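A short worksheet on the structure shown next.
Values in this text are rule-based calculations from the coordinates and carry no lab data. Only a predicted model underlies this, so the values are computations on that prediction, with no experimental measurement involved. Here the Cβ positions follow ideal geometry from the backbone for every residue, glycine too, while neighbour counts run over all protein chains shown.
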Amino acid sequence: MSWSDSENYKSTKAANYKALFFLCIFLCCLVLKFCDGTILMPGVRRVTVSLDVPEQLTVPLFTVSYHSKKCKQSRRDGNFKKYYIDDSNVRSVEPEREEGTRIYSVTVPVEKGWYCDWKLSNIDFKLRYKRNIDIMKGIDETISERITFVFDDHYPRATNGLFEVRHGRSKEIIEEFYPVKTIKPSLGNMINLSFSGRESFLIYRLDNDVESVLFRLELHITEIIERKLPTPKAKETDKDEYVKLTYPDGSVEYDNPFPDFERLQKITRDLKK
């Protein structure tokens, strides 16, 4: 074989390898698409979960979890005895915006099938403040608020074990939240910003035939609660040994770390008069 023929052969071989590489990438993407049940099972039932995002919050990723009763994961208890739990499959999904609105949605199959017979377990997202809003001035860190929708009998990743059952194929859920600035004297008066609602965990269990859920939140961004944690080495007779809550109307409460939601709502109503 001449030098030129050898070079042509190497070039052709490299081109074939390159084509094979891109074919493999395409097939992998196709398999992933199949795993979502969007091609192999075009008639499968789907559910849409939507969030109406206030302008002060970021658009979150939605975390979608599936469980399989057919495929199992092994665990060991305190006595090192092996036991098995249902396998899980978790992925993050970027929501799509409905044109002309601030509503962001994901639509996913209820059953993904395949060997493990994956079934939709829960969908959650986190509420987070934007960094460039006025309320963020002087804030050292932010704490997000997780909202979870449950579609089966599995507990979500973060839970207090309590669920609210919501019936119906199409649901609109409305919740109110207030910003809370927490001052930590033990950490050099570091300040974090979090959310306060009617519950610490909002977890909704939905009917098996649910088709769509829209979560709307009313954020009272100007009605801020200030929470100051106890001061280190405070005297027993000093109020600094207690948690101090200052409500939006200036009223103060001691020794209660959680704002009273009904009190906050009353303050909101009075401020609107």
Residue (of Leu187, Val213, Ile267) at the positive-pole extreme of the range 36-272, dipole from beta-carbon charges: Leu187
Using amide H atoms built in the peptide plane, which far-off residues or other-chain residues are under 5 Å from Glu176 H to H? Arg198, Glu218
Can you sort Val44, Val110 from fewest to most other Cβ atoms within 10 Å of each residue's own Cβ? Val44, Val110
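When Lys and Arg each count +1 and Asp and Glu each count -1, what net charge do the other residues less than 15 Å away from Glu98, Cβ to Cβ, add up to? Walk me through the numbers on the way to the answer.
Details: positive: Arg97, Arg102, Arg216; negative: Asp52, Glu94, Glu96, Glu99, Glu172.
Within the 15 Å Cβ shell, the charges total -2.
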The residues Lys82, Lys266, Lys228, Lys171, sorted from fewest to most surrounding Cβ atoms within 10 Å, come out as Lys82, Lys266, Lys171, Lys228
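Can you flag which of Lys181/Lys239; Lys70/Lys112; Lys126/Lys233 are past 24 Å Cα-Cα?
Going by Cα-Cα distance, Lys126/Lys233 fall outside the 24 Å limit.
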Can you put His220, His167 in order, fewest other beta carbons within 10 Å first? His167, His220
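Tally Lys and Arg at +1 and Asp and Glu at -1 over the other residues with C-beta under 10 Å from the C-beta of Phe215: what net charge comes out?
Working: positive: Lys171, Arg216; negative: Asp52, Glu172, Glu175.
After counting each charged neighbour, the total is -1.
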Convert each backbone phi in the range 77-87 into a coupling constant with the Karplus relation 6.51 cos²θ - 1.76 cosθ + 1.60 (shift: θ = phi - 60°), then list the ³J(HN,Hα) values in order as whole Hz, x for Gly and Pro. 7, x, 9, 6, 8, 6, 9, 10, 10, 4, 6
Between the range 62-102 and the range 254-269, how many Å separate their Cα centres? 36 Å
In the neighbourhood of Glu55 defined by beta carbon distances under 14 Å, the net charge of the other residues (Lys, Arg +1; Asp, Glu -1) is +3
I'd like the FRET efficiency for Lys184 and Asp270, computed as 1/(1 + (r/R0)^6) with the beta carbon distance as r and R0 of 30 Å, rounded to 0.05. 0.50
